[in-house]
Each structure stands twice: as C-alpha cells, then as structure tokens.
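Here is the structure we will look at.
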Amino acid sequence: QVQLVESGGGLVQAGGSLRLSCAASGSTRSINAMGWYRQAPGKQRELVATISSGGSTNYADSVKGRFTISRDNAKNTVYLQMNSLKPEDTAVYYCNAKTLAVWDIKDYWGQGTQVTVSS
C-alpha cells in the first residue's frame, strides 16, 4: 500500500512558476516509477512527466523545456518544477506511483492539487 499527498498548487500568472510536491508513504520500496498527470475540465487525464527509480525522466511534448521532474529518494518525495506557465496548463495535477509484482502493475494516486494559470 502506497499513500501519496500532493501540495504546492495554486493560482499563478502566465509566465510564472510553481513547484508541486508529492510525498509518498507506506510501501515506498515497492515503487518502480512516479509521475505527474493532469486533467483539465472536459479533457481526459494526460501524462505530464515521469521519473523512474533509476532517475530516467520522460515529458509530454507540451511541457518539455518548461517543466522539470525530480526525486528525493531520502524523503520519498517527487517534485514538479513548472516554469513559464501558460493558461493551457490549468488543470488538477495528480501524483502517480506504480508498483510492480509478478504480472501485476498497480497504480496509486494522490487526491490532486489545483493549478490555475491566469492570463
């Protein structure tokens, strides 16, 4: 069992910056990868960025060069640094963790944190 708690969302002007944090607890040693997803009104949830246990990162094309995902293993915390924010980035951002057992991948989700970018 993994529990995820997000923080850091809020209201920011276009062009501004925001940093999201996701603290994991529980069976954290079982986590293979973590990431951030977002869901805007009327749209499906989409992947924003992921980071593996080994530190490999992946980003959606829409955020490359603007967002940076990082991980502090000692604190079991993942961060999403968001720079040059655009109104299109407005969404609820969800932290995700994936665990892997034999033939069984499980997803864990935080409750989400609202990010609103005004123009």
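The values are calculated or read from the model by the stated rules, or taken from the named source; none is laboratory data. Here the structure is a predicted model, which means the values were calculated and not measured. Cβ coordinates were reconstructed from backbone atoms using ideal geometry, including for glycine residues, and neighbour counts include every protein chain displayed. SASA here: full protein model, heavy atoms, side chains in, ligands and nucleic acids out. Shrake-Rupley method; radii C 1.70, N 1.55, O 1.52, S 1.80 Å.
Excluding same-chain neighbours fewer than eight residues apart, the lysines reachable from residue 98 by a Cα-Cα span under 18 Å are 75, 106.
How would the chain be classified by its alpha-carbon gyration tensor: rounded, prolate or oblate, with rounded meaning a/c under 1.5 and the a/b versus b/c comparison settling the rest? Prolate shape, in that a/c is at least 1.5 and a/b is the bigger ratio.
Listed by chain and number, the lysines whose C-alpha is less than 23 Å from the C-alpha of residue 86, apart from same-chain residues fewer than 8 away, are 43, 64.
In plain terms, the chain from residue 100 to residue 74 could stretch by 7.3 nm, reckoned as 0.36 nm per residue minus the Cα-Cα distance.
Semi-axis lengths, largest first, of the ellipsoid equivalent to region 33-78 are 21, 12, 8 Å, with √(5λ) applied to each eigenvalue of the Cα gyration tensor. Largest first, the three principal axis extents of the alpha carbons in region 1-68 are 37, 24, 23 Å in whole numbers.
Model label sites at residue 46 and residue 25, defined 7 Å from Cα along the beta-carbon direction, differ in position by 3.3 nm. Sorting 86, 43 by solvent-accessible area of protein heavy atoms yields 43, 86, largest first, with a 1.4 Å probe.
One decimal place: the segment residue 13-residue 61 gains 15.1 nm when fully extended, by the rule 0.36 nm per residue minus the C-alpha distance. Counted residue by residue at 0.36 nm each, then reduced by the alpha carbon distance between them, the extension gain from residue 114 to residue 88 reaches 8.0 nm. Residue-normalised convex hull volume from the C-alpha trace of region 59-119: 115 Å³ per residue. Taking the 1.4 Å solvent-accessible surface of the chain as the whole, the part contributed by carbon and sulfur is 48%.
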